[in-house]
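Reading through the structure tokens given below for one structure.
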Amino acid sequence: INLVFWGKMILIVSIFRTSIIIFITTKLLRYLNVNPQISLFSSLFYALSPIYFHQTSLWEIFGDGFIWAPLLILGVEKIIREGKGLIFAMAIGLALFNNGYLAYLNLLMTVIYIMLRFFIHLTSNENDIIKQVKDYIIYGILGFLLGLPGFIPFVIGFLKTNRTVGNFDAPLFHFDSKIHNFVFTDEYQVVPILFILLITFFPIYRNKNVRFFV
């Protein structure tokens, strides 16, 4: 086993994971009544974004976060529209089991999404807020219990970590005179041109789903 072996394994795992990301994201968008062609295009746009390749190339496990984000949102929508929380519980459990740092980021995003959905209604058959909160608590606890076998070792490792404090200054803004390697350099945020074109195509804002997600 050498570096080439692990490089090949990362490639295989990444292809498999990208397929899962595309599948789950497409399912989410179709559940939100988005056009099939647009759902597939958006899923590809999300799964093949520069930040995904950035994370997968430098910190391979961070690419898993792209799975849990749409799965959590799908779970939230299932609770809002149908009162079914199994997907929500499963998403929380998998996220916690997989990686505590990614779980923190995805769950924080999910809480913000839930709060927005309290005030922004996308359909006429949504459960009332009290019913939603009860479901979030019940299935959230269930998901937490499911993820404990992986989350406990993370907490122990986090508490016992022995990292020294770095003695350096981190500037609020930093601009390098040499622009290089957009995909793999943290100093730059890549904004795909296609996304800019889409958000400036104003006729699509007539659709309330588009306005919400933009």
- prompt: How many of the residues in the stretch 5-47 are open to solvent by less than 90 Å² (accessible area, probe 1.4 Å), touching a residue at least 24 places away in the same chain (Cβ under 8 Å) and not basic (Lys, Arg)?
  reply: 16
message: When you check LEU58 against the structure, is it open to solvent by 40 Å² or more (accessible area, probe 1.4 Å) and touching a residue at least 24 places away in the same chain (Cβ under 8 Å), yes or no?
response: yes
query: If we scan the stretch 140-150, do we find a residue that is at pLDDT below 75 and aromatic (Phe, Trp, Tyr)?
result: no
field: Residue, least open to solvent (accessible area, probe 1.4 Å), within the stretch 124-146, restricted to residues that are among the hydroxyl-bearing types (Ser, Thr, Tyr) and out of contact with any helix residue (DSSP H, G or I) (no Cβ under 6 Å at 6 or more places or on another chain)
entry: TYR136
message: Condition (residue is open to solvent by 70 Å² or more (accessible area, probe 1.4 Å), out of contact with any Gly (no Cβ under 7 Å at 6 or more places or on another chain) and not in a helix (DSSP H, G or I)) applied to the stretch 85-96: is it met by at least one residue?
response: no
message: Quick check on this structure: which one of PHE173, PHE154, PHE119 is exposed (fewer than 11 other Cβ atoms within 10 Å of the Cβ) and more than 20 Å from VAL76 (Cβ to Cβ)?
response: PHE173
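The values are calculated or read from the model by the stated rules, or taken from the named source; none is laboratory data. Given the structure is predicted, the values throughout are model-derived calculations rather than measurements. Please note: Cβ atoms are built from the backbone with ideal geometry, for glycine as well, and neighbour counts cover all protein chains shown. What goes into the accessible areas is simple: the full protein's heavy atoms, side chains included, and nothing from ligands, DNA or RNA. Shrake-Rupley method; radii C 1.70, N 1.55, O 1.52, S 1.80 Å.
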